[in-house]
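Readers should treat all values here as calculations from the given coordinates under stated rules, not as data from a laboratory. This one's a predicted model, so the numbers in the text were calculated from it and none came from an experiment. Cβ sites come from the backbone with ideal geometry, for glycine too, and all protein chains shown count toward neighbours.
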Amino acid sequence: MSEKKYIVEIADSTGHSVVEMTAPEIVEKATESDGSWIFVDNRLVNANELEDMDIATDSKIRIMPGIVGGLEEEPKYTVEVADSTGHSVVEMTKPELVETANTQGTWLFVDDKMVSATELQSMNIETSSRLRAMPGLVGGAEENRFTVEVADETGHSEILMTKPELIEHANNCQGTWVFVDNRMVSTADLAEIDLVDAQKIRLMPGLVGGN
């Protein structure tokens, strides 16, 4: 009986390609290029794990080969990757960071500031910067909405927001403070907090301009 085949997206320095592969072929492709990463439904897995995984045929599989050879090797950055299985730490080049940021539902933080793939391309990232990638939920029901109390110079208002909307709002308003049950949290920490049991969420934007 023939092996199941999967649709695999391969990203490298030449661009993107989409091919059909069996699990052994995916493992072989990933191991032939030192430093390659395999993502299954936005979760980073190693080749050994892949051999034992029960992969659904509709899973999104991506291979991101590391840079091999070359006159000038791309600098690599230490990236904390958080997903439903826990945390891992990987080394990524800037193009690989951009590719990760382009993944739907993934949040990328540079020194606790959420950045888009477009912003990332033009950024000068220090090797000492703290980089975190937080893939959003894959599948499942519609995102939960939370009542958020927004306080500013005009008074108070209450609006419903999903967690991504809350993070985006806090990130886009410079100087905004976020409080979850009276504890101030950064936008990066907010992405990892389970808000389901939160009693009160408040946004207090800092003053913009003024004399």
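Before moving on, here are some points about what is shown:
- Reachable lysines from K94, criterion Cα separation under 21 angstrom, eight or more residues apart if same chain: K76, K113
- Computed from the C-beta positions of A198 and S116, the FRET efficiency with R₀ = 45 Å rounds to 0.95.
- Fully extending the segment from E3 to T127, taken as 0.36 nm per residue of separation minus the present Cα-Cα distance, adds 40.4 nm.
- Stretched out straight at 0.36 nm per residue, the stretch from T31 to S17 would grow longer than its current Cα-Cα span by 3.3 nm.
- Paramagnetic label zone (point 7 Å from Cα along Cα-to-C-beta, E149; backbone N under 13 Å) in the range 176-192: 179-183
- Sequence ranges 47-55, 125-133, 189-197, ranked by mean other-Cβ count within 10 angstrom, highest first: 125-133, 189-197, 47-55
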